[in-house]
Amino acid sequence: FFLHMKPFVYLCVSLFFIGLAACQDSPCNAIPIYVETGSNVTEYGSNVNLPYYAESSCNRGEAGTAWFSINPPSGSNVIVTTCGEYTDFDTVIGIYTGSCSNPSCLVANDDEECSSLFYYESSSGEYWWDWWFFEFDDEDFDETSTVTFTSNGSNYYIGVTGYEEEGNFELSISVSDPNDSGCMRAKDIPGDYYTPVSINGTLTDSDRVGMSVCNALDFDDYGSWFIIHPQPNQYMNITTCSSYTDFDTRLAIVAGTDCTNVDCIDENDDDYCDITTGYEASTITFLPTLSEYYVVVASYDDDIDFLFGYNYILTISQSTLTENTPCINAYPLHIGVTGNPEGSTAFGSTLSSAVCSNEYGNAIWYEVSASSYTNVQFTTCNSVTNFDTMLSVYSGSCEALS
């Protein structure tokens, strides 16, 4: 049939369910929501006159809770938000896992910046998530809630409640395609790395981290993933310190056998780089205990030059040094940049043998560097030193001191 449209019309969709509120009064009566990967769905609901749920980190237990359930595919990034014009009260979202009779809190949010994510295609045909900020007065939406998580393929329960309030809410859920996660597209870098391996890379507008990981990286940040295979218990160094690197990088080392259950091992934003004489490169030195890790190279800045991208050199190296090598944990000391260091040998490593003369006992190590040739004096002559000290200066590498 044909419908003559006025400039503004209302669309009325009749509900098939009778007594909808009664169907979502507990996790076991949660309304299932199907979200196709790479898309989003919006539900309109209310927590008015619904039962309170037990107080936990996912629920304040101070207002009625409306329950929904979703089952996104493993590896998907999921965003759940009440940000929208229909939401008229201070909401709280809780995400639960486990059985409906005994759900466990996974993540929750009370107040979050009113933003959502949408999934779109670039001119190059690549897909990614990006932020869409609502063009409304922020004060109207400063009490809405947004949570994000990466699915492991389980069934998840969503509890929408309030901060001592009840009302109407607009619940939007977005689910990404797992194949578009940066982790799922990680490039394998085979070892060994005793001879350093360098990767010449470029971040473009289609390279996204694809999940929230460590403290500094979010799923919408620009980033690329790699898989490395180190020899356990021998130190590794991973750095973007290179004259070719032309942006402020972030690095992260992530453990996990797949992209659904990952743990942050270490991360670094700024580390001094002698080559660029700046602090925008990133470096991580760590002792691997596993034979496989993920490496994430990301940008600190969200404003990438879409025409040329961001260029970097990622260098991966491994030494034969083990955890018990005294100088391996030397503190970096850059002449003219680092201040006068203070410390205690009580926390130092024990010298196994003397190299210079008669040094023995616990020692604190420093790795000294300078941007140019200069005369340097080291002394422990000050009011802080309270024992008979010995200073030794070595050249060479940590593997072969002289």
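The values are calculated or read from the model by the stated rules, or taken from the named source; none is laboratory data. What you are looking at is a predicted structure, and each value in this text was computed from that prediction instead of being measured. Positions of Cβ are backbone-derived with ideal geometry, glycine not excepted, and every protein chain shown enters the neighbour counts. For accessibility, only protein heavy atoms count, side chains too; no ligands or nucleic acids. Shrake-Rupley method; radii C 1.70, N 1.55, O 1.52, S 1.80 Å.
Quick notes on this one:
- Per-peptide average of other Cβ atoms within 10 Å, ordering 66-76, 360-370 highest first: 66-76, 360-370
- Protection-proxy order for peptides 242-253, 195-206, each taking the mean of Cβ atoms within 10 Å per residue, highest first: 242-253, 195-206
- Residues of segment 51-78 with an amide N closer than 15 Å to a point placed 7 Å from the Cα of ASP110 along the Cα-to-Cβ direction: 55-63.
- Charged-residue dipole, Cβ positions (Lys, Arg, Asp, Glu), segment 184-257 about Cα centre, Debye nearest 20: 220 debye
- Average accessible area per residue (Å²) across segment 60-115 - probe 1.4 Å, nucleic acids and ligands excluded: 33 Å²
- Fraction of accessible area attributable to carbon and sulfur, segment 71-116 (%, probe 1.4 Å): 40 percent
- Percent accessible area from carbon and sulfur atoms, segment 158-220, protein chains only, probe 1.4 Å: 41 percent
- For segment 143-233, the solvent-accessible area works out to 36 Å² per residue, with a probe of 1.4 Å and every protein chain left in place.
- Taking GluC sites (Glu not before Pro) across segment 28-89, the ones in a DSSP loop with at most 16 further Cβ atoms lying within 10 angstrom of their Cβ are GLU36, GLU55, GLU62, GLU85.
- Long-range HN-HN contacts of ILE227 with modeled amide H, under 5 Å: LYS187, ASP188, ILE189, VAL295
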